[in-house]
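The values are calculated or read from the model by the stated rules, or taken from the named source; none is laboratory data. Quick caveat: nothing in here was measured; it's all calculated off a predicted structure. Cβ coordinates were reconstructed from backbone atoms using ideal geometry, including for glycine residues, and neighbour counts include every protein chain displayed.
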Amino acid sequence: MLEVVSLSKSFTALRALQDVSLRVSAGQIVGLIGPNGSGKSTLFDIITGFQRRDEGKVLFNGVAIQGASPHAIARLGLIRTFQHSEGGQRMTALENLMASARDQIEANLPAALLRLPQVLRVERVNLIRAKEVLALLGLTNVSNEYVGNLSGGQRKLVDLGRVLIAKPQLCLLDEPTAGVNPSLINVIIDALVVMRRDEGITLLIVEHNMRAVSELCEKVYVLAAGKVIAEGTPAEIQTHEEVITSYLGRGRTVVE
């Protein structure tokens, strides 16, 4: 579904990515780990059109998308979340999900009035779906609360809700458990399982929580200094000598 081929990116003298290649097949949950500054967010930015690469290709379902705009890439079915929640802070949780629904009828006010029955029908369907997603994520009791007033973990769950209602083929998740209360991490892990198992959404996840990586991912890539230094199962990665040296820390074969 996603193929990154020999991707490179520099910022003046800084080589952020060097000949990076990876593959994500439909139905997988793939992890991307590495120390801070290793190029993970830059890679996500390039895949989703927020930055331009210097060299290499990005293929989504066999179609080259490098150079396309973020909204064009999203319309193809490839979306992302950010490390810090980018939801509408002065919109409620329910409004955030409603605004993210894929099947909305886009029209200015006069056109919407002319198609009012159809517009209202789609809105009713999206409202029902948004409430179902909020219930799935345990957010029903804060559905009418401004997102800016929610906890960090709740905002992360709203981000996942926006993904669920947008119905992408592939979602890139940037640290979905970062800064989250430990009691909500299991809720997020369960939500990601549902996204893949029940909604058919393929996932590529940047994550530092190795428990989450081990529970979720069948394959992991490791970035360090802009290069892929290892790939394999979570168990293989945690015993890889170069990964232990550069990221996990010597002697830490199991990381919580």
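Within the bounds of the stretch 197-204, is there any residue that is among the charged types (D, E, K, R) and closer than 15 Å to THR81 by Cα?
So far as the stretch 197-204 goes, no, none of its residues is among the charged types (D, E, K, R) and closer than 15 Å to THR81 by Cα.
Does ALA72 fit the bill of being of a type in the set (Gly, Ala, Ser), out of contact with any helix residue (DSSP H, G or I) (no Cβ under 9 Å at 6 or more places or on another chain) and part of a helix (DSSP H, G or I)?
When the stated conditions are applied, ALA72 passes them.
Suppose the filter is under 24 Å from LEU192 (Cβ atoms), part of a helix (DSSP H, G or I) and of a type outside the set (Phe, Trp, Tyr); does LEU43 pass it?
Yes; evaluated as a whole, the condition is true for this residue.
Please go through the stretch 1-43 and give me each residue that is closer than 22 Å to ALA212 by Cβ and of a type in the set (A, V, I, L, M, F, W, C), ordered by number.
MET1, LEU2, LEU22, VAL24, ALA26, ILE29, VAL30, LEU32, ILE33, LEU43
For the stretch 75-104: of the residues being among the aliphatic types (A, V, I, L, M) and out of contact with any helix residue (DSSP H, G or I) (no Cβ under 7 Å at 6 or more places or on another chain), which is farthest from LYS156 (Cα to Cα)?
Ranking the qualifying residues of the stretch 75-104, first place goes to LEU76.
Just wondering, is there one or more residues in the stretch 190-203 that are touching an Asp or Glu at 6+ places or on another chain (Cβ under 8 Å), part of a helix (DSSP H, G or I), crowded, with 22+ Cβ neighbours inside 10 Å and modelled with pLDDT of 90 or more?
Checking the stretch 190-203: not a single residue is touching an Asp or Glu at 6+ places or on another chain (Cβ under 8 Å), part of a helix (DSSP H, G or I), crowded, with 22+ Cβ neighbours inside 10 Å and modelled with pLDDT of 90 or more.
Cβ-Cβ distance below 6 Å, separation of 6 or more or different chains: which pairs start in the stretch 46-71 with a residue that is more than 19 Å from LEU173 (Cα to Cα) and end on one that is among the small types (Gly, Ala, Ser)?
Every condition considered, the pairs that remain are ASP54/SER8; ASP54/SER10; GLU55/SER8; GLY56/SER6; GLY56/SER8; LYS57/ALA64; ALA68/GLY49.
Here is a check on your reading of the model: is LEU136 in contact (Cβ under 8 Å) with a residue 24 or more places away in the chain and either in contact with a Cys (Cβ under 9 Å, 6 or more places away or on another chain) or closer than 27 Å to GLY27 by Cβ (or both)?
So LEU136 fits the description; yes.
Identify all residues within the stretch 112-135 that are aliphatic (A, V, I, L, M) and at pLDDT 90 or above; write none if there are none.
LEU127, ILE128, ALA130, VAL133, LEU134, ALA135
Are any residues in the stretch 162-173 assigned to a strand (DSSP E or B) and under 18 Å from HIS71 (Cβ atoms), and if so, which ones?
Within the stretch 162-173, LEU170, CYS171, LEU172 qualify.
If you check GLU95 against the conditions, is it touching a Gly at 6+ places or on another chain (Cβ under 9 Å) and either within 21 Å of ALA230 (Cα to Cα) or part of a strand (DSSP E or B) (or both)?
Here the answer is no, as GLU95 does not meet what is asked.
Right, ARG23: free of Cβ contacts under 8 Å to residues at least 24 places away in the same chain, surrounded by 14 or more Cβ atoms within 10 Å (Cβ to Cβ), out of contact with any Leu (no Cβ under 6 Å at 6 or more places or on another chain) and charged (D, E, K, R) or not?
yes
Give the residues of the stretch 204-227 that are of a type in the set (A, V, I, L, M) and either assigned to a helix (DSSP H, G or I) or more than 17 Å from GLY34 (Cα to Cα) (or both), sorted by residue number.
Across the stretch 204-227, the qualifying residues are MET210, ALA212, VAL213, LEU216.
Cβ-Cβ under 9 Å, sequence separation 6+ or interchain: first residue in the stretch 191-202 and without any contact (Cβ under 8 Å) to a residue 60 or more places away in the chain and closer than 18 Å to VAL213 by Cβ, partner surrounded by 14 or more Cβ atoms within 10 Å (Cβ to Cβ) and among the polar types (S, T, N, Q). Which pairs?
Listed by first residue and then by second, the contacts come to ILE201/GLN169.
Which one of the conditions (1) under 17 Å from GLU207 (Cα atoms); (2) in a strand (DSSP E or B) does HIS84 fail to meet, given that it meets all the rest?
With (1) under 17 Å from GLU207 (Cα atoms); (2) in a strand (DSSP E or B) applied to HIS84, the lone miss is (2).
Go through the stretch 46-69 and count every residue that is small (Gly, Ala, Ser), surrounded by 15 or more Cβ atoms within 10 Å (Cβ to Cβ) and part of a loop (DSSP other than H, G, I, E, B).
In the first step, residues of the stretch 46-69 are kept if they are small (Gly, Ala, Ser); the result is 49, 56, 62, 64, 67-69.
From the residues that got through so far, the ones that are surrounded by 15 or more Cβ atoms within 10 Å (Cβ to Cβ) too are 49, 56, 68.
Right, trim to part of a loop (DSSP other than H, G, I, E, B) and you get 49, 68.
Going through the stretch 46-69 one residue at a time, the tally reaches 2.
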